[in-house]
Structures are given as structure tokens and as C-alpha cells.
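Read the structure below first, then the notes.
Read the figures in this text as sums done on the coordinates, not as results from a lab. All values reported here derive from a predicted model rather than from experimental measurement. Every residue, glycine among them, receives a Cβ derived from its backbone with ideal geometry; neighbour counts consider all protein chains shown.
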Amino acid sequence: MAEEQKIVKIITPQTCPCCGKEIFVSSQFMMPFVSGIFNEEDIKKAKEEIKERLKEIQFVNEEEKENIMSYIDKTLLDSSDIDPLVKQISLDQTEKISKQINK
């Protein structure tokens, strides 16, 4: 379901830096939209899924793995974070291992 973005326009009085007269500056921004709703149990499940999938990844060293697991423990994540996070960690570790081999 596509949600139409709403635009908010703000007009603020300013002083012209050239002539010192009052001017009005208009700016616009897109209203944020809700991308998901989840609870603590959903966060816990997402973290468990990420940790389970990270078991399949070869890490450059144990310290690196512990740092990433610690980050996951301290970060709020939902199910939409699982695939992108696991993919990024996998790519990062593959690159680090490759650099270590090519030294």
C-alpha cells in the first residue's frame, strides 16, 4: 500500500545579509511516516535471528565477532534489519579476510 507523503512548509522571518531588511525564507520537508510497529518480543526475535544467521559467517577473528555480537545486543533492531545487517556484516568480514590473506 503506497502512502502519499505530506509536505510541510515553514516560513520564517530572517534578516537579509546584504541589505539588512526583513525577508521571509520558505522551507519544506517531508513528513515522516511509520515504517513499522513492533514490541520488545519482536526486537528479541530479530536479534536472535541475526545471531543465528551470523553463525554461518566466517569472521576475521574472535574479537571481531564478539564486538559485532555486543553491538547487536545494545542496538534496537526489528525484522526489517535482519537481511541488510547480515549481508553487510558478511561483506565486511569477507573483505577483511581477503585483505588479511593478501598481505
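Here are the numbers for this structure:
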quantity: Efficiency of FRET from Cβ geometry, Phe33 and Glu62, R₀ 35 Å, rounded to 0.05; calculated: 0.30
quantity: Long-range amide H partners of Ile23 with built H, under 5 Å; calculated: Gln14, Thr15, Cys16
quantity: Filter on Lys55/Lys103; Lys55/Lys96; Lys44/Lys87; Lys47/Lys99 - keep pairs with C-alpha separation over 24 Å; calculated: Lys55/Lys103; Lys47/Lys99
quantity: Positive-end residue of Pro84, Pro13, Asn67, charge dipole of the chain with Cβ unit charges; calculated: Pro13
quantity: Ranked packing of 60-67, 77-84, most packed first, by mean Cβ within 10 Å; calculated: 77-84, 60-67
quantity: ³J(HN,Hα), Karplus 6.51/-1.76/1.60, whole Hz, each residue of region 41-50, x for Gly, Pro; calculated: 5, 5, 5, 4, 5, 5, 5, 5, 5, 4
quantity: Karplus 3J(HN,Hα) series, Hz, for region 92-101 with 6.51 cos²θ - 1.76 cosθ + 1.60 (x for Gly, Pro); calculated: 4, 5, 4, 5, 5, 5, 4, 5, 5, 5
quantity: Spatially proximal lysines relative to Lys9 (Cα-Cα < 17 Å; intrachain offsets below 8 disregarded); calculated: none
